[in-house]
Each structure stands twice: as C-alpha cells, then as structure tokens.
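Below is one structure, written out as structure tokens; the observations come after it.
Derivation of every value follows stated rules applied to the coordinates shown; laboratory data play no part. Everything numeric here is computed off the predicted structure, so don't read it as measured data. A quick note on method: Cβ atoms are made from the backbone with ideal geometry, for glycine too, and the neighbour counts reach across all protein chains shown.
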Amino acid sequence: MDDPIIVPDTADATPAASAAPLQKPARIHFIDEVRGIDIVLMVAFHAFYTVGWLYQVEWGRILFRFFSPVEPFFAGLFILICGISCHLSHSNVRRGLLLAGVSVVISAFLWFFMRSEMIWFGILHFLSVAILLFALLKPLLSRIPPWCGIIACAVLMLVTWWVPSAHNADGGSYFGIRGLLAVELPAWLTAQNWLYPLGFGNIPSADYFPLLPWLFCFLGGSFVGVWVEQGKTPRWMYKSRMPVFSWLGRHTLIIYILHQPVIYAVCFLVFKLLAVLS
C-alpha cells in the first residue's frame, strides 16, 4: 500500500554509464502527492460521517451528502495507485498478508467494541485480497499488453459496476450497463452471503469494497504500473511540488489505520468541551 513509487533512472543508460556504480532510483513524487491528497479527502469524508451521524450535527450530514457522489472516485483513485505500486513492490505476498492481518485486527476490534460500525469487507480487506491475487496471477497478466489490459479492465469494471446490490437503489444486482443493456442476476445467486466478498449477499457493513467491480480498477492500475516500472513516466512527475502531500502519500497505510480512532477521539473531546461550555 505504501511501497515506494520509484523507477530506475534510465536517462544515462549508455555503456559508460552502465559500468559506473548504480544510481539511487528516482522517486515519482507526483504519484505520492496524488495519493497524499486522496488520503486527506478520504479522511475528511469519514470525519463528516462521524460528525453528521454519530453526533447528529447537521453540517456534517450536509458535507457528507455533498461529497458522497464523488467518494467512489476518491476510493477508485486510491485503488488504482495501489495497483500501480504492485509492479514496484519488493514482495506483494508480504504486503498482501500484512494488509490481511491489519484488516482482521480492525474487524475484530469493531466486533467487540463498535459492532454498529462493523466492517466485513472494507477497502483494506479488498486490497489484501487484490494484492495476493495479483501476486498469484502476475505471470499470466504479464503476457497481456498494457493497453489491452487497461481497456479490458475499464470495460469489465463498467459492466460489473451494478453487480453489488449496494450500488442499486432497488436492491437488485445487474450485469451490464443499467439503462442501456443489463441483465438482472438471479435472486438465489445474489442472496448467497458467503459470496459477499465478490459483491453478492446482503450483510450490513460500514465500509464495503467487493471484488466486483473494484478488482478491475486495481488490475487496471497494475497495467499502468508496467509502464511506470519501465521508466516511461514523464520527467515532470519526478519533481516534488507539494512535500506535505508527498510525505502523506508515503504513509497512507498508517494514516488509514489510525484516522478513524483519531477522528473519534477528537470529536469526543470537542463535543465534551462544547457541552461543558454551553
């Protein structure tokens, strides 16, 4: 999740340069900065939810509803960058298992102490499974040209977007493009809670990112990562323009793990203080 976005500097790949000591890989600060901005937006969105629904403050609800339509874009961008990072990770298996362990700990904590906010298959659960699947399928995926992979993933994400019933106001599950060409999936399939990680079933969860459609967003990022790994990114991406966001982008995992407890603690203290002063 926080693997360094670095690629070899191939600008001086001449015979003379190849005989010289290897230079430190160049870091793509632009991707770090985008990831840093994205994590700030995600934290703010969760803060609005906490203020609006847990503390019943109207402005929190207003801001939460205002940003809700673009929340999938924030999450999708985060997932896309994680997919890119898979081609730059030293060990995707280790990274996937680490995220899986963190996800289990978070779910266990919520089960015992905050069951009303239980998360069964949130974004960290999803990323752990997606990274491990990528590690397993990488030999096969490497045979697919990046452009073909990106286009295929975009199409597959589009036609599976309405598979999770949570994406549909009527609670149904559809394959295809709703309003254009879509097939409603049978009720016996969508009722299978054991298929919840895929996008079927109906289990209340405070955070839900099923493999359908989000796996294709992740894999699309992994195909972009092929070009990044080959050093085909524009030179302007290597310059740091927003150091604060670059730093945040390099520490997204720890920020994501800690942000909700910090939000709860800050809200508790602020509203306790306001109650005392009122």
Worksheet, complete the sentence: The exposure ranking of 276, 159, 70, fewest beta-carbon neighbours within 10 Å first, is 276, 70, 159
Discussion item. For the pair residue 98/residue 274, report the inter-label distance in nm, with labels modelled 7 Å from Cα in the Cβ direction.
Written reply: 3.8
Worksheet, complete the sentence: Once the dipole of the chain is set up from charges on Cβ (+1 Lys and Arg, -1 Asp and Glu), the residue from the list 217, 249, 49 lying farthest towards its positive end is 249
Discussion item. Neighbour counts of other C-beta atoms within 10 Å: give me 55, 196, 256 arranged from fewest to most.
Written reply: 55, 196, 256
Item to complete: Assuming a ≥ b ≥ c are the square roots of the Cα gyration tensor eigenvalues, decide whether the range 26-277 counts as rounded (a/c under 1.5), prolate (otherwise, with a/b larger than b/c) or oblate.
Response: oblate
Fill in: Total charge dipole magnitude, the chain, about the Cα centre, Cβ charges on Lys, Arg, Asp, Glu only, Debye to nearest 20
380
Response to the item:
When 38, 207 are ranked with the fewest other C-beta atoms within 10 Å first, the list becomes 207, 38
Worksheet item: At a Förster radius of 35 Å, what calculated FRET efficiency corresponds to the Cβ-Cβ distance of residue 182 and residue 138, to the nearest 0.05?
Response: 0.65
Worksheet item: Just how large is the dipole of the range 133-278 about the Cα centre, in debye to the nearest 20, putting +1 at every Lys and Arg Cβ and -1 at every Asp and Glu Cβ?
Response: 720
Item to complete: Per DSSP H run of at least 4 residues, take -39500 (n - 2.57); add these up for the chain, divide by its residues and hand me the 222 nm value, nearest 500 deg cm²/dmol.
Response: -19000 deg cm²/dmol
